[in-house]
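Following: one structure in structure tokens, then a few remarks.
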2 protein chains.
Amino acid sequence: MSHYDQLIAHYQTIHHFNHAQAMLGWDAAANMPAGGSEARSNAMAELSVHVHRLSTQPQLEDWFGHAEQAPLTTEQQASLREMKRQWQQATLVPEKLVQAQSIAGSKCEHTWRTQRQENDWKGFEKNWKEVVALSREEAKIRGEALGLTAYDAMLDKFEPGTTTSSLDMLFTDVKTWLPELIEKALEKQRSDSIILPSGTFSTDRQKALGLEVMKLLQFDFNHGRLDQSVHPFCGGVPSDVRITTRYDEKDFVQALMGIVHETGHARYEQGLPKAFSGLPVGEARSMGIHESQSLFFEMQVGRSKSFISHLSRLSMDAFNAHQDPVFAEENLYKIYTQVEKGFIRVDADELTYPAHVILRYEIERDLINGVIEHTDVPDIWDEKMKASLGLSTQDNYKNGCMQDIHWTDGAFGYFPSYTLGAMYAAQYKASMVKSLDLEVAIESGDLSPIFQWLNDNIWSQASLHSTDELVKRATGETLNAAHFRKHLEGRYL
Amino acid sequence: MSHYDQLIAHYQTIHHFNHAQAMLGWDAAANMPAGGSEARSNAMAELSVHVHRLSTQPQLEDWFGHAEQAPLTTEQQASLREMKRQWQQATLVPEKLVQAQSIAGSKCEHTWRTQRQENDWKGFEKNWKEVVALSREEAKIRGEALGLTAYDAMLDKFEPGTTTSSLDMLFTDVKTWLPELIEKALEKQRSDSIILPSGTFSTDRQKALGLEVMKLLQFDFNHGRLDQSVHPFCGGVPSDVRITTRYDEKDFVQALMGIVHETGHARYEQGLPKAFSGLPVGEARSMGIHESQSLFFEMQVGRSKSFISHLSRLSMDAFNAHQDPVFAEENLYKIYTQVEKGFIRVDADELTYPAHVILRYEIERDLINGVIEHTDVPDIWDEKMKASLGLSTQDNYKNGCMQDIHWTDGAFGYFPSYTLGAMYAAQYKASMVKSLDLEVAIESGDLSPIFQWLNDNIWSQASLHSTDELVKRATGETLNAAHFRKHLEGRYL
């Protein structure tokens, strides 16, 4: 067996344990009774240790060295590159540091749950200091090994190839027009009257409606399911994709669009090429590209007038409420495109969301690069929030830098993916409309041409190309903010 | 770390992978869409290989050797004995034979599915020959290593300590009185009029009813769930026990008692001692003892008049049918104790079931011991079926020796467990009534004293003692058929 083939077999073995891990994780969120959690955590930790051991076996270095000398096809070269990338990611950071990060992250996250409620920055800061210090250490080690700056090395974990300089350029562009666009949209919507849903929307009916919408989006039920969990997510494996949502019986709006969003993630997974199944090159390209699929489904398809017309009809049927003005197309469209300035990123609408992400990006970039200290964060947050959305977070830590869980365990470098995804999605659409009429396809109820485009250009390409190359092949240009701006102006002006 | 402690750590590691395996198996039966099955099979096969590798690591022999010399408490000795037992079971049979069995078993089982429908003994026999030959080889290897006869070595896999001579004694006893008892019961029931359920019993309501019955049986929902699958089973892990059932919307009777049965298995698992969690000594004692719990729940509790009174009330509530005579106590009791001679073991009632098992036991015993050949089986089956239930299976292979899946993949030695379980259950009850009034407890709706007895005598004892010792401690005597006879005579005469 050639070294290349040995690597292929080895990574397929790793994939089988990752399959188990993915399903246990999904089950823990969707099914498991509380009393099962301790044993489950132990089993999952054992699997993690085993996968880490497999991923860092000493002979891999030798195998990679030999395989790189062998004559390989272009696809094999891509496959080798992606295996090596995963190997480097697994071996770069010393196990001792990973453990220290895990302990510090758990501690910070655990105490954050009550500290946030109590707006206790002083308490939080003491634990977070350690998390930041360890992330800086990680960034330094990764950066030195990969020849990248500290923060670029963290970006590389989630968005290989993306750099601070490209993000600075994109986000600086957005900052020149976004604040004014938000003001104009708010002004335009000021006189809108919206009828908000009220009353009981049973979980059963919401689920039935969700399944109808998934059918419209051609989710493959032979290779996946819809279930419930506290935090909606897309999990499982490509041949069996498990998406979840959370139902609020007082309001169906969020769960419904949440299903559209997760279906975007799911169809990407379901569309990954079978030929590379179980191999790194057959996996999704990056967090940002994954988000580009969920956001294409949600923002480019889901919140379009033509799609909301389907949602109107289907929800009237589901709730047997054909006369209820809540479900009227125009009203639903207003609900799904309402702009509001707020403190909380996860509650933000399409238009204000990038402001949250850019603020977050700028802070974590400077924090990891050592330009600012963790104690500077609240003041800088307040300053930037005032500049972008006109909101002060002075002494309001719980709605400022303590608002969500991501930073508590050191997930620095991850936030830009959200807005990159939204930008990619807008750019795909701009390219797609050159060859097909999106509105007509959506109106007809047969969205196949849209999915065919995504399949040809994104899903089937998995990790064969770099992100830049993938996007250039799909759209003819590398990522820029122009299409995103045009999309937002078209919808909100 | 002492060798004993090394062994403890090693078996806990194995347990974590078994946890993953158990949950993936449950998910495959209860949730997985068909398209997910190939990837799931691959992942589960990888886990099996890994568990087998861990279970047969060369250093284990050395560790066991040293640990056996060390000073250990009585409990530690039991723990060591059970770890060693699992190690022996894993190492006794050469991997090559296991693989050959797996291939021959899969082939035989796969073709059996159509051969059974077509009553094609000639076709089946060709594949089964190999399965029988390989099982004989396995039995010989096991027997030589353990100092047991061939069939006893197969029994040892499922019922450690049980021998052909003890089974012969028990079953010979049963055969002296069972045929006459069946005739008398049939005669007694001849004039009974039974109103059978008809109409629609929705899955939702049947499930709600099942959950109520599980509450009455004090199933711990913080450590388990009820779901659906084609073949009902009890899976998962002790801290998270997953039972399943299958609903027939035309009839609620089977699913309901199926839930009672599986709840018996589940409470045994939930009651296993936490102190030995993840270790062989903390696992259920044997297949027969497991079946004794499900059959205690089903036969000693579930089909008693006092429990059927609860089922009557709860099912009337569930189906909102308080006037329907189907649900009347007397009618439900008649349904649940109806005796009928039939070909098929899995459809058999409490009274005729042992006849099926004894027939099966006698044939597989002689087959594995080389007393008969696989081609003799149809004739012997016919002869024994005529003798025990007066039914001929001449040329009727599909309702004779080809009726179920167990023999197709070589599960010889397993069948006696079913009737052993029923006998143990009757013997527990005979002992239990010395200290508590079973009927009063059931009638009151608080069955705690019954569960306390089972917990003290069976569940909490896990595998600390041999089966004989366990039963002797619980009931004051080793297993005999007298209590089983008395129970059946009491119910059916």
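The values are calculated or read from the model by the stated rules, or taken from the named source; none is laboratory data. Since the structure is predicted, the reported quantities are computational estimates derived from the model, not experimental observations. Cβ sites come from the backbone with ideal geometry, for glycine too, and all protein chains shown count toward neighbours. With ligands, DNA and RNA removed, areas are computed over all heavy atoms of the protein, side chains included. Shrake-Rupley method; radii C 1.70, N 1.55, O 1.52, S 1.80 Å.
Against the list (1) crowded, with 18+ Cβ neighbours inside 10 Å; (2) hydrophobic (A, V, I, L, M, F, W, C); (3) more than 22 Å from the chain's Cα centre (by Cα), the condition B:ALA145 fails is (1).
Checking the condition modelled with pLDDT of 95 or more, more than 17 Å from the chain's Cα centre (by Cα) and within 14 Å of chain B (Cβ to nearest Cβ), which residue from A:LEU217, A:LEU256, A:LEU209, A:LEU226 passes?
Details: A:LEU217 fails: within 14 Å of chain B (Cβ to nearest Cβ); A:LEU256 fails: within 14 Å of chain B (Cβ to nearest Cβ); A:LEU209 fails: within 14 Å of chain B (Cβ to nearest Cβ).
Matching residue, one of A:LEU217, A:LEU256, A:LEU209, A:LEU226: A:LEU226.
Might you check whether a residue that is of a type outside the set (D, E, K, R) and not in a helix (DSSP H, G or I) occurs anywhere in the stretch A:282-292? Yes - at least one qualifying residue is present in the stretch A:282-292. Of all residues in the stretch B:321-341, those being open to solvent by less than 40 Å² (accessible area, probe 1.4 Å) and part of a helix (DSSP H, G or I) number 6. For the stretch A:40-54, give me each residue that is more than 10 Å from chain B (Cβ to nearest Cβ), open to solvent by 40 Å² or more (accessible area, probe 1.4 Å) and either hydrophobic (A, V, I, L, M, F, W, C) or more than 25 Å from the chain's Cα centre (by Cα) (or both). Of everything in the stretch A:40-54, just one residue is more than 10 Å from chain B (Cβ to nearest Cβ), open to solvent by 40 Å² or more (accessible area, probe 1.4 Å) and either hydrophobic (A, V, I, L, M, F, W, C) or more than 25 Å from the chain's Cα centre (by Cα) (or both), namely A:ARG53. So which of A:THR375, A:THR393, A:THR478 is in contact with a Lys or Arg (Cβ under 9 Å, 6 or more places away or on another chain) and more than 24 Å from A:LEU351 (Cα to Cα)? Step by step, each of A:THR375, A:THR393, A:THR478 is checked, and only A:THR375 is in contact with a Lys or Arg (Cβ under 9 Å, 6 or more places away or on another chain) and more than 24 Å from A:LEU351 (Cα to Cα). Here A:LEU447 meets the list (1) open to solvent by less than 10 Å² (accessible area, probe 1.4 Å); (2) of a type in the set (A, V, I, L, M, F, W, C); (3) without any contact (Cβ under 8 Å) to a residue 40 or more places away in the chain almost entirely, failing just condition (3). Of the residues A:GLN99, A:GLN57, A:GLN6, A:GLN77, the single one that is more than 23 Å from A:GLY236 (Cβ to Cβ), open to solvent by 40 Å² or more (accessible area, probe 1.4 Å) and in a loop (DSSP other than H, G, I, E, B) is A:GLN57.
For the stretch B:163-183, state whether one or more residues are without any contact (Cβ under 8 Å) to a residue 40 or more places away in the chain and of a type in the set (Phe, Trp, Tyr). Within the stretch B:163-183, none of the residues are without any contact (Cβ under 8 Å) to a residue 40 or more places away in the chain and of a type in the set (Phe, Trp, Tyr). Look at B:ALA22 and say whether it is at pLDDT below 95, within 17 Å of B:LEU279 (Cβ to Cβ) and surrounded by 15 or more Cβ atoms within 10 Å (Cβ to Cβ). The answer is no for B:ALA22.
Is one or more of the residues making up the stretch B:206-215 touching a residue at least 12 places away in the same chain (Cβ under 8 Å), in the same structural domain as B:GLY390 (by TED's automatic domain parsing) and under 30 Å from B:ARG485 (Cβ atoms)? Spell out the reasoning first.
Going through the stretch B:206-215, the residues touching a residue at least 12 places away in the same chain (Cβ under 8 Å) turn out to be B:206-214.
When the remaining residues are screened for being in the same structural domain as B:GLY390 (by TED's automatic domain parsing), the result is B:206-214.
Checking which are under 30 Å from B:ARG485 (Cβ atoms) leaves us with B:213.
Checking the stretch B:206-215: at least one residue is touching a residue at least 12 places away in the same chain (Cβ under 8 Å), in the same structural domain as B:GLY390 (by TED's automatic domain parsing) and under 30 Å from B:ARG485 (Cβ atoms).
Of the residues A:SER292, A:SER229, A:SER315, A:SER239, the single one that is more than 28 Å from A:GLU439 (Cα to Cα) and crowded, with 24+ Cβ neighbours inside 10 Å is A:SER239.
Inside the stretch A:408-452, can you point out the residues that are part of a helix (DSSP H, G or I) and within 30 Å of A:THR114 (Cα to Cα)?
We begin by selecting, within the stretch A:408-452, every residue part of a helix (DSSP H, G or I); these are A:408-409, A:416-432, A:438-444, A:448-452.
Answer for the stretch A:408-452, where residues must be part of a helix (DSSP H, G or I) and within 30 Å of A:THR114 (Cα to Cα): A:THR408, A:ASP409, A:PRO416, A:SER417, A:TYR418, A:THR419.
Filtering the stretch B:453-467 to residues that are part of a helix (DSSP H, G or I) and surrounded by 14 or more Cβ atoms within 10 Å (Cβ to Cβ) leaves B:TRP453, B:LEU454, B:ASN455, B:ASN457, B:TRP459, B:SER460, B:GLN461, B:THR467. In the stretch A:476-493, the qualifying residues are those that are under 21 Å from the mean Cα position of the chain (by Cα) and in a helix (DSSP H, G or I), and the one that is farthest from A:ILE182 (Cα to Cα) is A:HIS483.
Results for (1) buried (at least 21 other Cβ atoms within 10 Å of the Cβ); (2) away from chain B (no Cβ under 14 Å); (3) part of a helix (DSSP H, G or I), shown as yes or no for each residue.
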residue: A:HIS15; (1), (2), (3): yes, no, yes
residue: A:GLY35; (1), (2), (3): no, no, yes
residue: A:GLU38; (1), (2), (3): no, no, yes
residue: A:ASP62; (1), (2), (3): no, yes, yes
residue: A:ALA67; (1), (2), (3): yes, yes, yes
residue: A:ARG81; (1), (2), (3): no, yes, yes
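Please verify whether B:HIS310 is more than 14 Å from chain A (Cβ to nearest Cβ), out of contact with any Pro (no Cβ under 8 Å at 6 or more places or on another chain) and assigned to a helix (DSSP H, G or I), treating the condition exactly as stated. Working first, answer last.
Details: more than 14 Å from chain A (Cβ to nearest Cβ): yes; out of contact with any Pro (no Cβ under 8 Å at 6 or more places or on another chain): yes; assigned to a helix (DSSP H, G or I): yes.
It is true that B:HIS310 is more than 14 Å from chain A (Cβ to nearest Cβ), out of contact with any Pro (no Cβ under 8 Å at 6 or more places or on another chain) and assigned to a helix (DSSP H, G or I).
Results for (1) of a type in the set (D, E, K, R); (2) surrounded by 24 or more Cβ atoms within 10 Å (Cβ to Cβ); (3) under 25 Å from A:HIS487 (Cβ atoms), shown as yes or no for each residue.
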residue	(1), (2), (3)
A:ASP382	yes, no, no
A:LEU389	no, no, yes
A:ASP395	yes, no, no
A:ASN399	no, no, no
A:TRP407	no, yes, no
A:TYR424	no, yes, yes
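Please verify whether B:GLY123 is open to solvent by less than 20 Å² (accessible area, probe 1.4 Å), free of Cβ contacts under 8 Å to residues at least 40 places away in the same chain and not charged (D, E, K, R), treating the condition exactly as stated.
Numbers: open to solvent by less than 20 Å² (accessible area, probe 1.4 Å): yes; free of Cβ contacts under 8 Å to residues at least 40 places away in the same chain: yes; not charged (D, E, K, R): yes.
Here the answer is yes, as B:GLY123 does meet what is asked.
Inspect the stretch A:108-131 for any residue being within 20 Å of A:HIS52 (Cβ to Cβ) and hydrophobic (A, V, I, L, M, F, W, C) and give the result as yes or no. Don't jump to the end; show me each part of the working.
The initial filter retains those residues of the stretch A:108-131 that are within 20 Å of A:HIS52 (Cβ to Cβ), namely none.
Looking through the stretch A:108-131, none of the residues is within 20 Å of A:HIS52 (Cβ to Cβ) and hydrophobic (A, V, I, L, M, F, W, C).
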